[in-house]
Amino acid sequence: MQQYEQLRARMAELGHIHSAIAVLGWDQQCYMPAGGAEERAEQFSTLGKIAHEMFVSDETRRLLDGAEAEVAGLAGDTDEALTVRVVRRDFDKATKLPTELVIEMAKTTTLAHEIWVKARGESDFAQFAPSLEKILDLNRRAAEHLGYEDRMYDALLDQYEPGMKTREVERVFDELRPGLVQLVQEIAERPPIDDSVLRRDFDEDRQLRFGETVIKKMGFDFARGRQDRAVHPFCTSFGKDDVRITTRFDKNWLPSALMGTIHETGHALYEQGLDPGDDNTPLSGAASLGVHESQSRLWENTIGRSRTFWNVFFPDLQKAFPESLSDVDVDTFYRAINKVQPSLIRVEADEVTYNLHIMLRFEMEKALLDGSLSVADAPEAWNQKMREYLGVTPPDDARGILQDVHWSSGSFGYFPTYSLGTLLSAQLYDKALADVPGIADDLARGEYGTLLDWLRTHIHRPGRRYLPAELVQRACGEPAQSRSYLRYLRAKFGELYGLS
Ligand code: ZN
């Protein structure tokens, strides 16, 4: 196993470089003065180049070929065989795209991003259209190089959700769509929920402290992680013992920091829960973006927006903000943080409408990619789907097709991961409760250890050993499905909105 060991050592060194890049990225978002931007960009570029060249080198190829031969006789589910499988997948992805194409994509998207910012500011899709044409064409070329058996979109999807197929996403979304559209319509006919209590005054430092007590209870380990302020909330990791989350605060919109912190903590618990024995090996890390998102959504929504959760924490929240919440009861608060309202902007969408925003993007991406929808017709197609799914019409491109950064950065196939994660969160939660009936009682007492243990065992510790579909099958005994999510939504929002 000599080549295998050498391959692992090489991957460990690469892991250190990627962690260093992540530290620089974290610092840039949290503490770097504006003046550091230019130098920082060069640091990223140098380290990125070193990491890429080291990974795609002949030496890596030689060690990988050798390691494959060495593990050929082992069972497929040994760590050695799984490690080599992970590296092979990453290596193929990194080497299949010709360098010219990668460079052209980088140049095009750097430019396209600037154009998109301006087009969105002026709400004028026509300015962005030529860039989108170019990006689509580059993505088609990338898909041809990456390879696919059935649909071109598979190749793009696979970059974010390894092994996932377009057909599989269609199956899950088709199951979900009718029930979801109907639920949105039923809710729209009911009197709206009043969420004005969330817009009162909430001192930012007290928001920070309250958030910390909540996420400590959830299991966030401050000896192996920290929280800082940043413009955009995110979670990043430099190894399982150093996981960072960031939060942004809005004095007059409590959910921004509170639910954002819980969301990022869901990501952080995954990173902190990876198997200690895997640290800095190819097996360490999340199975996919979708699986990562299943953890953040589970903690943010299934737990953090539940009545049980606020039965536990609302008295403390009231104590933290007596001037704003002393006249509010837990039921009013619970209703407020679960208000459903079909809206124009994806990132502001609630639990019920969110997935319809994603389905729209998934359908648009497929149609744009295979040419059945032209770029010129895209804004109207977008607005048409918004009417059909959510009953609202964007008044302009800025609040319609230009709202997301993803396409300008070249990312096609990314959006479905958000919904796959959301659906998986409900499926996992159902299975955890079925496996460990005591979890429900623990949650009612504000104890999260039993739920976290189940997630550690079935999702966190396996790391990258299995493809997302394999992981779901192992954890749940069935493939991904949308049944659990739809049932969860109907029960929760049926009660909240008094639906039959
Ligand atoms: Zn997330």
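The values are calculated or read from the model by the stated rules, or taken from the named source; none is laboratory data. What you are looking at is a predicted structure, and each value in this text was computed from that prediction instead of being measured. So basically every Cβ, Gly included, is an ideal-geometry build from the backbone, and we count neighbours across all protein chains shown. Side chains are part of the model used for accessible areas, which takes the heavy atoms of the whole protein and leaves out ligands, DNA and RNA. Shrake-Rupley method; radii C 1.70, N 1.55, O 1.52, S 1.80 Å.
For L420, work out the one condition from (1) open to solvent by 10 Å² or more (accessible area, probe 1.4 Å); (2) under 20 Å from F128 (Cβ atoms) it doesn't fulfil.
Here L420 meets the rest and fails (2).
For the stretch 259-283, what are the residues that are open to solvent by less than 40 Å² (accessible area, probe 1.4 Å) and more than 15 Å from the ligand (Cβ to nearest atom)?
The answer is Q272, G273, L274, D278, T281, P282, L283.
Starting from the stretch 395-424, keep only residues that are outside the structural domain of V291 (by TED's automatic domain parsing), then list their pairs with residues that are open to solvent by 10 Å² or more (accessible area, probe 1.4 Å) whose Cβ atoms are within a distance under 6 Å, requiring at least 6 positions of separation or different chains.
Correct list of pairs: empty, since none qualify.
With respect to Q207, is the statement that it is within 16 Å of the ligand (Cβ to nearest atom), among the polar types (S, T, N, Q), out of contact with any Cys (no Cβ under 6 Å at 6 or more places or on another chain) and on the phi < 0 side of the Ramachandran plot true?
Considered against the rule, which asks whether it is within 16 Å of the ligand (Cβ to nearest atom), among the polar types (S, T, N, Q), out of contact with any Cys (no Cβ under 6 Å at 6 or more places or on another chain) and on the phi < 0 side of the Ramachandran plot, Q207 comes out as no.
Condition first: surrounded by fewer than 20 Cβ atoms within 10 Å (Cβ to Cβ) and at positive phi. Can you find one or more residues in the stretch 351-370 that meet it?
no
What is the number of the single condition among (1) open to solvent by 40 Å² or more (accessible area, probe 1.4 Å); (2) in contact (Cβ under 8 Å) with a residue 60 or more places away in the chain that Y148 does not meet?
In the conditions (1) open to solvent by 40 Å² or more (accessible area, probe 1.4 Å); (2) in contact (Cβ under 8 Å) with a residue 60 or more places away in the chain, Y148 misses (2) alone.
If you go through the stretch 409-427, how many residues are more than 25 Å from M105 (Cβ to Cβ) and more than 15 Å from the ligand (Cβ to nearest atom)?
Looking only at that region, the number is 2.
So is V172 open to solvent by 20 Å² or more (accessible area, probe 1.4 Å), in the same structural domain as T247 (by TED's automatic domain parsing), within 23 Å of H357 (Cα to Cα) and hydrophobic (A, V, I, L, M, F, W, C) or not?
Judged against the criteria, V172 is not a match.
How many residues does the stretch 291-318 hold that are buried (at least 20 other Cβ atoms within 10 Å of the Cβ) and either among the β-branched types (V, I, T) or within 15 Å of the ligand (Cβ to nearest atom) (or both)?
Result for the stretch 291-318: 13.
Is it the case that some residue within the stretch 319-339 is within 16 Å of the ligand (Cβ to nearest atom) and in contact with a Lys or Arg (Cβ under 9 Å, 6 or more places away or on another chain)?
No, there is no match, as no residue in the stretch 319-339 is within 16 Å of the ligand (Cβ to nearest atom) and in contact with a Lys or Arg (Cβ under 9 Å, 6 or more places away or on another chain).
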